[in-house]
Structures are given as structure tokens and as C-alpha cells.
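This is the structure, below, for whatever I ask next.
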Amino acid sequence: MLKARSKQQSLVWLLLLLALLNAIDYFATQDLIARGLSEEWNPLMRNLVGTAYFPIYKLVLIPLGLMALWLARESLFPKYFPLVKLTCALYAVVVTYTLVIFYL
């Protein structure tokens, strides 16, 4: 019971970290593109940047997806927890790189 509770707490922190990284990524992308310093690196998102759909996707749909993961944690958690950890780690590397290269 204690181990399951600990893993659920870990999942909460990972999902919150993903939400924070997503918000930082959104604002950094908007800022860097507006200043002409960079363009969107993600080929799946490239066509959304500069449209009204970009903030809706990044600031509404992604958080809703993270909430859906939390709500489905009982069925998805055991199978996809390692993937959530990997996604969080990779996203942290990308956002850290962006912040170090363009803002420090």
C-alpha cells in the first residue's frame, strides 16, 4: 500500500513537472520567435506556431491530457509510468538547453 502511494505521489510530481516544462516551452517559443532568434524545432508543432491554435494546444489541451493521465492512473499507471519518466527527462533536457542557450 505504501509503495503504491509513493508511486502515485511520484506520478503527481512528474505530471506537474511536465505541465511546468510545457508552459516554459510555450512562453520561450513565443518569445524567441517574436524576437527572430529561433524557430519551432518540433516538426509536429511547427505549423501551429503563430496561429490561434498554438496557445490552445499548449496551454489547454496539453494540461487536459495530463489531467486525463492522472484520472486514468489506475489502468495506465503500471504500464506507462516508465514512459512518463522518460518523457519528463527528455523534455527537461530540451527546455534546459533552450534556457541556457538563449537566456543565460
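Nothing in this text is a laboratory measurement; each read-out follows from the coordinates by a stated rule. Model, not experiment: these values are computed from the prediction. Glycine also receives a Cβ, built like all others from the backbone with ideal geometry; neighbour counts cover every protein chain displayed.
Taking the range 30-61 as the region of interest, how many residues are under 22 Å from residue 103 (Cβ atoms) and not in a loop (DSSP other than H, G, I, E, B)?
9
Could you check how many residues of the range 50-98 are within 17 Å of residue 40 (Cβ to Cβ) and hydroxyl-bearing (Ser, Thr, Tyr)?
6
Let me spell it out: the conditions are (1) exposed (fewer than 14 other Cβ atoms within 10 Å of the Cβ); (2) more than 16 Å from residue 80 (Cα to Cα), and residue 24 meets all of them except one. Which number is the exception?
The number of the failed condition is (1).
Further question: Within 17 Å of residue 19 (Cβ to Cβ) and in contact with a Phe, Trp or Tyr (Cβ under 6 Å, 6 or more places away or on another chain), is that true of residue 58?
Yes: the conditions hold for residue 58.
Looking at (1) touching an Asp or Glu at 6+ places or on another chain (Cβ under 9 Å); (2) farther than 30 Å from residue 6 by Cβ, find the lone condition where residue 53 falls short.
(1)
Taking the range 52-83, which residues are touching a residue at least 24 places away in the same chain (Cβ under 8 Å), hydrophobic (A, V, I, L, M, F, W, C) and under 13 Å from residue 8 (Cβ atoms)?
If the condition is that a residue be touching a residue at least 24 places away in the same chain (Cβ under 8 Å), hydrophobic (A, V, I, L, M, F, W, C) and under 13 Å from residue 8 (Cβ atoms), then 69, 70, 77, 81 are the ones that fit.
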